[in-house]
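Participant: The structure that follows is given in the form of structure tokens.
The values are calculated or read from the model by the stated rules, or taken from the named source; none is laboratory data. What you are looking at is a predicted structure, and each value in this text was computed from that prediction instead of being measured. Glycine gets a Cβ as well: all are built from the backbone with ideal geometry, and neighbour counts include every protein chain shown. Note: accessible area is taken over every heavy atom of the protein model, side chains too, but ligands, DNA and RNA are not part of it. Shrake-Rupley method; radii C 1.70, N 1.55, O 1.52, S 1.80 Å.
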Amino acid sequence: GLALFGTVLFVDRRKWKKIAANLHQDNRQMHRIIDSLPDPTMVIDHEKRLIVWNRAMEAMTGVKAGDMLGKGDYEYAIPFYGKRRPVMIDLVSDWDDHVAQKYINMERRDDILVSETMEAHPLLKRGIFRIVAGPLCDDNGNPIGAIERIHDITGQRKKLEDLKAREELLRFFVAYTPVAVAMCDLKMNYVHYSRRWITDFALPDEDLTGRNHYDVFDRLPEHWKVQDSRCMQG
């Protein structure tokens, strides 16, 4: 009986070691993946101790992972704000309206939080950044921590602003050109039009943007519609 018990115990211990080894391997693989991400990323456990501080985060903050890992008590806030305080990653498990109000365009998408650079952010003031934070769960879906990623969107925002500026310039140019002209999309809905378009055709002085050309001119000859269709096809 004792021999049988010893055998069962031996098998269980071997199985346990194999499971532990697999978990350790999975954990190391996860760390390698996060460490290689191009965006600054950090992970905390359920006790809010830092367990991942990737290379991109080191480059952004100038603080090495070896000086951060394993530390709690909001240690991960110090490189950003110079003091211990709740940050966005903490809102994943402990929502605080006062902290959330400090972020710009904060959105909750199911259990994921998305915002932009914090107002008067000491470290991120040189650009525009999108911050994404969410729960870190085990295989059963139970939260065991949280992860936060910081993505530099300065270039994207500049391109968008430049596009808006060009769009505004085009709208201004079309609006005040001294001829009757209108621009439509592929469905013949108005995008831009000049003042002369309104006056020359005695149209109501109202916003036509988004209105369909064939609704505004409901008695157009069919051959004009055919010509429009050919233009749309190049």
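Participant: Quick check on my filter: what residues within region 199-221 are of a type outside the set (Ser, Thr, Tyr), part of a helix (DSSP H, G or I) and either at pLDDT below 90 or within 16 Å of Asp185 (Cα to Cα) (or both)? I'd like the intermediate steps shown before the answer.
Facilitator: Taking region 199-221 and keeping what is of a type outside the set (Ser, Thr, Tyr), we get 200-208, 210-213, 215-221.
Now restrict to residues that are part of a helix (DSSP H, G or I): 200, 213, 215-216.
Matches in region 199-221: His213, Asp215, Val216.
Participant: Step by step: first the residues of region 29-72, then only those that are within 20 Å of the chain's Cα centre (by Cα) and either over 20 Å from Val132 (Cα atoms) or among the charged types (D, E, K, R) (or both), then the one that is least open to solvent (accessible area, probe 1.4 Å). Which residue is that?
Facilitator: Asp39
Participant: Another one. Consider only pairs whose beta carbons are under 6 Å apart and that are at least six residues apart or on different chains; among these, list those whose first residue lies in region 156-180 and is farther than 25 Å from Ile128 by Cβ and whose second residue is small (Gly, Ala, Ser) and outside any helix (DSSP H, G or I).
Facilitator: Hits for this filter: Val174/Ser194; Ala175/Ser194; Thr177/Ser194.
Participant: Next question, about the same structure. Name the residues in region 73-91 that are open to solvent by 10 Å² or more (accessible area, probe 1.4 Å) and of a type in the set (Phe, Trp, Tyr), would you?
Facilitator: Scanning region 73-91 gives Tyr74, Phe80, Tyr81.
Participant: A follow-up question, please. For region 199-224, give me the residue count where each residue is surrounded by 12 or more Cβ atoms within 10 Å (Cβ to Cβ), touching a helix residue (DSSP H, G or I) at 6+ places or on another chain (Cβ under 7 Å) and charged (D, E, K, R).
Facilitator: Result for region 199-224: 0.
Participant: Select from region 92-128 the residues that are at pLDDT 85 or above and within 14 Å of Arg149 (Cα to Cα) and write down the one among them that is surrounded by the fewest Cβ atoms within 10 Å (Cβ to Cβ).
Facilitator: Ile112
Participant: Determine if region 137-160 includes at least one residue that is touching a Pro at 6+ places or on another chain (Cβ under 6 Å), open to solvent by 40 Å² or more (accessible area, probe 1.4 Å) and either more than 30 Å from Trp53 (Cβ to Cβ) or not polar (S, T, N, Q) (or both).
Facilitator: Within region 137-160, one or more residues are touching a Pro at 6+ places or on another chain (Cβ under 6 Å), open to solvent by 40 Å² or more (accessible area, probe 1.4 Å) and either more than 30 Å from Trp53 (Cβ to Cβ) or not polar (S, T, N, Q) (or both).
Participant: Please go through region 186-198 and pick out each residue that is part of a helix (DSSP H, G or I) and open to solvent by less than 80 Å² (accessible area, probe 1.4 Å).
Facilitator: Trp197, Ile198
Participant: Among the residues of region 57-72, are any under 22 Å from Val92 (Cα atoms) and touching a His at 6+ places or on another chain (Cβ under 7 Å)?
Facilitator: no
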